[in-house]
Amino acid sequence: MQIGIIGLPNAGKSTIFNALTFNNAPTAAYPFTTIDPNIGIVPIPDKRLNRLSEIYKPRATTNAVIRFVDIAGLVKGAHTGEGLGNRFLSHIREVDAIVHVVRMFEDADSAHPLGSIDPVRDIDIIKTELLMADLQTVEKRIAEISGAAHAGDKKARAFLQNLDHLKHNLDHGIPVRIAHADPDVCAELFLLTAKPVLYVGNIDEHKDVNEGVKQLETMARQDHAASLVLPGKLESEIVHLEESEKQQFRTAMGLTETGLEQMIRQSFDLLKLITFFTGRSVEVRAWTIPQGTRAPQAAGKIHTDMEKGFIKAEIFPFPVIDEYGSETALRERGLIRFEGKDYIMQEGDVAFFRFSPA
């Protein structure tokens, strides 16, 4: 699973990407610094994992991760190929969700390509490009399938009905994720506006941005998207601090997490994943799986042999071991459950899978 970071040129995408990944992707005060996408693997901060490490005292602790992709700045007309648009749009098709960085800061050394700061306008430009690209895809597919549908092919006719529904919504500026479209049709067409979106307002921490924040939140509600604001430049400096210094910063600002930590968490939420944990003296590890995953498939995330030979799972929720402080204490109190192959994993489960080796 991976998340694409998009936005207009000079919105601060690469600055935020570098802060997320400790990377050195090029940043500059001119468009298209990024052409080929940069990819970074980002650990997901999780205090529960830290607590499990305190309890089990393992030799290794492994966070779950998200893949972020820094995609070059889109420009007006991208769907027609402007500014290498076709190439950049193809990169967006390959991701599972979108973080849309919106510029809300002034910087004389890095001019906004349109000459002024206007979050609503900037969101509309990108949204329009994605809508138009999807409309082109749908219209092309309609042209390809119309003959078979009109000739009586039932499957083609049903598909065409779905395409007509999509076209109607796209013509009216409605993203596919709001259009109640057939998910199989959307998946087959790799539609851009079907992807979940997080709007990230890149702000100047020294300026009053209340009005811009309200605009961002309103746009997010209208588009069925999530939103947050963070000072990208400041966050890129915070990320290099020692953990104790980061904690001092959070305390001074009255925060429980930094903007980047919020962004990682909300990006994770976009993907509709849950986290489960495995814990033993060798390794304590966080694993991500789609919501609704059953126990054997969760075991298969660790190793395919564990799914094939699945017998049962020992399960207990994280808050229980957090309260009692050891697995031994849970066993003594009968708080560890045995679950079979139909068990649906829950957020925060700690699991030990029993299986028959192949």
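The values are calculated or read from the model by the stated rules, or taken from the named source; none is laboratory data. Keep in mind the model is a prediction, meaning the values are calculated, not measured. In this analysis, Cβ positions are derived from the backbone assuming ideal geometry, glycine residues included, and neighbour counts consider all displayed protein chains.
K301 fulfils the conditions (1) touching a residue at least 24 places away in the same chain (Cβ under 8 Å); (2) closer than 23 Å to E327 by Cβ except for a single criterion, (1). Pull up the range 263-287, narrow it to residues that are modelled with pLDDT of 95 or more, of a type outside the set (A, V, I, L, M, F, W, C) and buried (at least 19 other Cβ atoms within 10 Å of the Cβ), then point me to the one that is farthest from G201 (Cα to Cα). Result: T278. If the condition is being closer than 14 Å to V185 by Cβ and surrounded by fewer than 15 Cβ atoms within 10 Å (Cβ to Cβ), then the range 147-156 contributes only K155.
Residue count for the range 190-206 satisfying the condition of being over 20 Å from the mean Cα position of the chain (by Cα) and buried (at least 20 other Cβ atoms within 10 Å of the Cβ): 1.
From G212, G201, which residue is among the small types (G, A, S), under 22 Å from F68 (Cβ atoms) and in contact with a Gly (Cβ under 7 Å, 6 or more places away or on another chain)?
After ruling out the rest, the residue left standing is G201.
In this structure, is L260 out of contact with any Lys or Arg (no Cβ under 7 Å at 6 or more places or on another chain) and either charged (D, E, K, R) or assigned by TED's automatic domain parsing to the domain that holds D223 (or both)? In short, yes. Residue selection: A143 fails the criterion of being without any contact (Cβ under 8 Å) to a residue 12 or more places away in the chain, in contact with a helix residue (DSSP H, G or I) (Cβ under 9 Å, 6 or more places away or on another chain) and in a helix (DSSP H, G or I).
Could you please let me know if T258 is without any contact (Cβ under 8 Å) to a residue 60 or more places away in the chain, touching an Asp or Glu at 6+ places or on another chain (Cβ under 7 Å) and of a type in the set (V, I, T)? Criteria met by T258. In the range 100-140, which residue that is among the aliphatic types (A, V, I, L, M) and out of contact with any helix residue (DSSP H, G or I) (no Cβ under 6 Å at 6 or more places or on another chain) is nearest to D208 (Cα to Cα)? Residue satisfying both the conditions and the ranking: I117. Restricted to helices (runs of 4 or more DSSP H) entirely inside the range 11-105, no element has at least 1 residues that are at pLDDT below 95, β-branched (V, I, T) and surrounded by fewer than 17 Cβ atoms within 10 Å (Cβ to Cβ).
The one condition from (1) surrounded by 20 or more Cβ atoms within 10 Å (Cβ to Cβ); (2) within 17 Å of E347 (Cα to Cα) that P231 does not meet is (2). Exactly one residue among T251, T218 is of a type in the set (V, I, T), within 24 Å of the chain's Cα centre (by Cα) and surrounded by fewer than 18 Cβ atoms within 10 Å (Cβ to Cβ), and that residue is T218.
Can you name the helices (runs of 4 or more DSSP H) wholly within the range 150-224 that have at least 2 residues being farther than 19 Å from V120 by Cβ and without any contact (Cβ under 8 Å) to a residue 40 or more places away in the chain?
Here the list reads 154-171, 183-189.
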